[in-house]
Amino acid sequence: MKKNILLKTIKGTLLATALMMTLAACGNKNNNTTPINAYTQSCVNCENITGYPFFSAQTQAYRTQGWSYMSAFTIAWSFSGQNTNTMNNGQNYNQWASPAMNYSGQVSAAGTVNVSTATNLGFCPLPAGTYTLTTQTVGQWNQGQVSGLKLLITGPATLTAVVNQAQASDYGYGYWGGGSSTSSSRIQGYLVIEQVNGIYCHGAQLTIY
């Protein structure tokens, strides 16, 4: 009798152990297949960013040289915010504006930077090549106004940059465009390059358009 009870106890323990190992294996498998959110992967405070892009633009960055503007690089970037897949945080301020122009809240960016020709940004040499743009610190988007967005740009060199003041324009939407795109969307304003490869650029400011 005691032998049968002992055998049942051992079998029960082995069964429970096997079940726990199976669940652990399934949990690890699920963790490995979790999609990566490109808008939050390098950001320290982007936990509220959904990863759904609500605005995209092709932008040119220029540096001033005397009275002329010299092209520094081009940016192809998209922006994501809080619940912007359904625009739950947006307010219907303007019925003719796009959802992006009605959204106010946190914002993150991701994209690519293309430097066609090596250039100098103040004291910072910038090698030619293709770079990846991600967010280092979340910024604010207020009906198209962008501020406080800190970026990490990596490639042939590593840059940190800040969008302190910029305005997004969603051309071709609503009244003016009749619902069809007549021109590409833009980000206009200023981009401050803080450092390149750890070298401080002493506030090298680029005009973006």
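The values are calculated or read from the model by the stated rules, or taken from the named source; none is laboratory data. All values derive from a computational prediction rather than experimental measurement. In this analysis, Cβ positions are derived from the backbone assuming ideal geometry, glycine residues included, and neighbour counts consider all displayed protein chains. Calculation scope for accessible area: heavy atoms of the full protein, side chains included, ligands and nucleic acids excluded. Shrake-Rupley method; radii C 1.70, N 1.55, O 1.52, S 1.80 Å.
Numerical summary
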read-out: Considering residues of the stretch 148-171 that are open to solvent by 40 Å² or more (accessible area, probe 1.4 Å) and more than 14 Å from the chain's Cα centre (by Cα) only, the residue nearest to residue 201 (Cα to Cα); value: 158
read-out: Set 82, 58: member being at pLDDT 70 or above, out of contact with any helix residue (DSSP H, G or I) (no Cβ under 6 Å at 6 or more places or on another chain) and open to solvent by 80 Å² or more (accessible area, probe 1.4 Å); value: 58
read-out: Leading residue by the ranking (farthest from residue 110 (Cα to Cα)) among those in the stretch 61-70 that are part of a strand (DSSP E or B) and open to solvent by 80 Å² or more (accessible area, probe 1.4 Å); value: 65
read-out: Only listed residue being surrounded by fewer than 16 Cβ atoms within 10 Å (Cβ to Cβ), at pLDDT below 90 and not in a loop (DSSP other than H, G, I, E, B), chosen from 179, 203; value: 203
read-out: Pairs with Cβ under 9 Å, 6+ apart, first in the stretch 148-159 and basic (Lys, Arg), second open to solvent by less than 40 Å² (accessible area, probe 1.4 Å) and in a strand (DSSP E or B); value: 150/135; 150/139; 150/160; 150/161; 150/162; 150/163
